[in-house]
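Report on one structure; see the data block that follows.
The values are calculated or read from the model by the stated rules, or taken from the named source; none is laboratory data. Everything numeric here is computed off the predicted structure, so don't read it as measured data. Every residue, glycine among them, receives a Cβ derived from its backbone with ideal geometry; neighbour counts consider all protein chains shown. In case anyone asks, the SASA skips ligands and DNA or RNA and just uses the protein heavy atoms, side chains included. Shrake-Rupley method; radii C 1.70, N 1.55, O 1.52, S 1.80 Å.
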Amino acid sequence: MKRETVIVLDFGGQYNQLVARRVRECNVYCEIYSYKTDIEKIKEMNPKGIILTGGPNSCYEEGSPTYTKELFELGIPVLGLCYGAQLMQHIMGGKVEKAPVREYGKTDTYFDTTSPLFAELPEESVVWMSHFDYISEVAPDFHICACTNDCPVAAAENREKQLYAIQFHPEVLHTVYGKEILSNFVYKVCECSGDWKMDSFVESSIQAIREKVGDGKVLLALSGGVDSSVAAGLLSRAIGKQLTCVFVDHGLLRKNEGDEVEAVFGPTGDFDLNFIRVNAQERYYNKLAGVTEPEAKRKIIGEEFIRIFEEEAKKIGAVDFLAQGTIYPDVVESGLGGESAVIKSHHNVGGLPDFVDFKEIIEPLRDLFKDEVRKAGLELGIPKELVFRQPFPGPGLGIRIIGEVTGEKVKIVQDADYIYRSEVDKAAAAYEEANGKEAPWKPNQYFAALTNMRSVGVMGDERTYDYAVALRAVRTIDFMTAESAEIPFEVLQTVMSRIINEVKGVNRVFYDLTSKPPGTIEFE
């Protein structure tokens with residue numbers, strides 16, 4: 001699909017996805033590429049603008065990530081952020097060196113509001129700084145347009161060449177006017193029209209799917225989660241009964257989830273599609289027996305998905321396409337979309353086996369972030385309760401059970417997780433009813449995981465040697481960064497008491513306080 005695009009060149013920054021998300025919030029499509037992307041490819045893409053991310057290196061050191069000077073001579077607006085700003089100045093003839101005072105955290109900053117970047121902003125505000133190098137001299141023909149008490153060049157610009165360098169991070173929420181600064185770049189500098197909206201995405205995607213599929217048949221990996229459900233809705237709108245959804249119950253779902261998925265998407269549900277349920281619990285448990293390494297588990301689960309789809313396709317006959325609910329963070333985190341290291345393989349991206357017995361793979365949501373997927377789901381008319389269901393990973397409980405996966409462990413974590421989610425939901429609903437607003441602590445995602453730790457306990461008059469369950473709950477806007485949710489202690493106490501008393505094999509309950517980063521939202 002032809003659309004105006006801003007591209008992000010990733011230099012190893014931790015906020016690369018966040019930069020792209022903030023641009024998309026301005027209704028401008030944005031993609032992430034490695035700084036190793038060839039200049040000729042960038043010319044072919046003909047982006048409306050280019051953003052250079054931060055990174056952990058010093059641009060003046062040998063071997064540090066860099067780019068050709070030609071990038072700044074294409075006539076395309078370029079915005080450098082943190083490391084990207086320093087690199088721009090370094091390449092264009094400025095000077096970057098170790099800062100006499102390192103800035104980290106919220107910092108008062110003074111703006112030249114005649115700059116297009118800071119138009120209609122106050123002359124002073126708070127930004128988020130994180131740097132140990134600084135721009136000590138701007139490049140020729142650049143002018144300083146922001147500063148702090150310790151950083152003489154918080155921003156610099158060359159308006160004639162449309163080159164802008166910002167030392168701070170406008171993409172993080174701690175920068176008060178960060179969204180406005182990025183909006184100014186994409187609209188006032190890049191002159192974007194803002195055509196990236198979910199209604200247009202849905203309609204153009206439906207048309208693109210019809211053109212690609214023709215009269216072919218499509219097999220969709222339906223997990224019942226948000227991503228695959230929205231993919232099913234989109235494909236159903238496009239091709240109707242040419243779509244067959246195969247729901248693989250791998251025995252790693254949440255309690256009662258298999259039956260719930262069938263009730264929504266099966267013959268008695270509201271979706272016009274072919275639905276097949278495959279009960280493959282024992283097959284998965286046998287494959288996972290003795291396997292403890294997280295990536296190995298993910299790849300086994302992913303490969304079995306593909307094998308089962310192939311088997312079902314042969315039963316159906318003449319299936320041309322395999323469809324998946326892959327979304328953009330899956331692509332980036334699998335190391336395929338940028339320079340960042342592989343965080344984890346996803347069953348529908350990095351976990352694909354070498355041979356797939358289909359003509360082609362269709363991933364209609366591959367360009368979307370999670371919140372965009374939800375917007376698309378609502379646009380498609382999918383029920384709100386399904387669209388806003390909390391995320392569940394493709395490998396399911398396989399990565400919420402630390403160590404070897406067994407049927408016994410699955411039952412433990414299913415029961416503990418069901419109790420935990422039920423009590424949190426009940427407490428949040430009670431707060432909302434009493435106060436007329438959503439509980440400020442209500443998490444976006446919350447689940448129980450089973451550790452591989454066993455410890456001594458006492459239940460009644462008997463000594464026990466059982467497992468410890470860990471509870472995870474996070475609050476997040478975009479699932480790329482997250483903070484531990486401050487669930488009321490009395491709620492956690494109730495959850496702990498119920499789990500230990502009702503779930504056989506558990507004698508301890510922990511609460512995980514780790515943020516993302518450094519942790520991930522999932523355990524493995």
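Given a cut-off of under 8 Å on Cα pairs at least six residues apart, what relative contact order in percent is computed for segment 197-318?
Over segment 197-318, the number comes to 23 percent.
Given +1 on the Cβ of Lys and Arg, -1 on the Cβ of Asp and Glu, and no further charges, what dipole in debye does segment 33-114 carry about its Cα centre, rounded to the nearest 20?
Its charge dipole is roughly 140 debye.
Amide H of Val405: which non-local residues (sequence gap of 5 or more, or other chain) have their own amide H closer than 5 Å, using H built in the peptide plane?
Residues meeting the criterion, in which the H sits 1.01 Å from N, are Gly290, Val291.
Tell me whether segment 243-282 comes out rounded, prolate or oblate; compute the Cα gyration tensor, take square roots of the eigenvalues as a ≥ b ≥ c, and use a/c under 1.5 as the rounded threshold.
oblate
Below 8 Å between Cα atoms, with a sequence gap of 6+, how large is the relative contact order for the chain in percent?
Relative CO of the chain lands at 11 percent.
Show me the GluC sites (Glu not before Pro) within segment 1-73 that DSSP assigns to loop and that have at most 13 other Cβ atoms within 10 Å of their Cβ.
Glu61, Glu62
Ordering Tyr29, Tyr35 by accessible area with a probe of 1.4 Å, largest first, what comes out?
Output order, biggest surface exposure first: Tyr35, Tyr29.
Once amide H atoms are placed 1.01 Å from N in the peptide plane, what residues at a sequence separation of 5 or more from Thr464, or on another chain, have their amide H within under 5 Å of its amide H?
Counting only residues 5 or more places away or on other chains, the set is Gly457, Val458, Met459.
For the Cα atoms of the chain, what angle does the longest principal axis make with the long axis of helix 16-25, in degrees from 0 to 90, nearest 10?
Value to nearest ten degrees: 90.
Cα centroids of segment 291-305 and segment 79-134: how far apart, whole angstrom?
44 Å
By how many nm would the segment from Asp425 to Lys179 lengthen if fully extended, with 0.36 nm per residue of separation less the alpha-carbon distance?
Taking Asp425 through Lys179 to full extension adds about 85.3 nm, to one decimal.
Once the piece of chain linking Arg102 and Asp215 is laid out straight, how much longer is it, given 0.36 nm per residue of separation minus the C-alpha distance between them?
34.6 nm
In debye, nearest 20: dipole of the chain around its Cα centre with unit charges on the Cβ of K, R (+) and D, E (-)?
So the dipole magnitude of the chain works out to roughly 860 debye.
Would you grab the residues whose amide H sits under 5 Å from the one on Glu103? Only those 5+ places off in sequence or on another chain, please, with H modelled 1.01 Å from N.
The answer is His131.
Find the accessible area per residue for the chain; the probe is 1.4 Å, ligands and nucleic acids are left out, and the unit is Å².
Per-residue accessible area for the chain comes out at 43 Å².
Using protein chains only and a probe of 1.4 angstrom, how many square angstrom of Asp195 are accessible, to the nearest 10?
That residue has around 70 Å² of solvent-accessible surface.
Rounding to the nearest 20 debye, state how big the charge dipole of segment 424-524 is about its Cα centre with +1 on each Lys and Arg Cβ and -1 on each Asp and Glu Cβ.
180 debye
Shape of segment 98-157 from its Cα gyration tensor (a ≥ b ≥ c, root eigenvalues): rounded if a/c is under 1.5, otherwise prolate when a/b > b/c, or oblate?
Oblate is the answer for segment 98-157, as a/c is 1.5 or above yet b/c matches or exceeds a/b.
Can you give me the Cα centroid spacing of segment 307-332 and segment 156-171 in angstrom?
When both Cα centres are located, 44 Å separates them.
With a ≥ b ≥ c the root eigenvalues of the C-alpha gyration tensor of segment 57-190, is it rounded (a/c under 1.5), prolate (a/b larger than b/c) or oblate?
Since a/c reaches 1.5 but b/c is at least a/b, the shape of segment 57-190 is classed as oblate.
With the dipole of the chain worked out from charges on the C-beta (+1 for Lys and Arg, -1 for Asp and Glu) around the Cα centre, which of Ala280, Pro391, Val176 lies farthest toward the positive end?
Working it through, the farthest residue towards the positive pole turns out to be Ala280.
Among 379-390, 241-252, how do they line up by average Cβ neighbours within 10 Å per residue, starting with the highest?
241-252, 379-390
In percent, how large is the relative contact order of segment 74-136, given Cα pairs closer than 8 Å and 6 or more residues apart?
With pairs under 8 Å counted, the relative contact order is 38 percent.
Calculate what fraction, in whole %, of the accessible area of the chain sits on carbon and sulfur atoms when a 1.4 Å probe is rolled over the protein chains.
Heavy-atom surface of the chain belonging to carbon and sulfur, 1.4 Å probe: 47 percent.
In whole Hz, with x marking every Gly and Pro, tabulate ³J(HN,Hα) for segment 107-115 from phi via Karplus 6.51 cos²θ - 1.76 cosθ + 1.60, θ = phi - 60°.
Result, ordered by residue: 9, 5, 9, 10, 10, 8, 6, 7, 6 Hz.
Please report how far the C-alpha centroid of segment 234-268 lies from that of segment 463-524, rounded to the nearest whole angstrom.
29 Å
Report the trypsin sites (Lys or Arg not before Pro) located in segment 21-53 that are in a DSSP loop and have at most 14 other Cβ atoms inside 10 Å of their Cβ, or state none.
Those satisfying the criteria are Lys36.
To the nearest 500 deg cm²/dmol, what mean residue ellipticity at 222 nm is calculated for the chain from DSSP H runs of n ≥ 4 alone, each contributing -39,500 (n - 2.57), summed and divided by the residues?
For the chain, the value works out to -10000 deg cm²/dmol.
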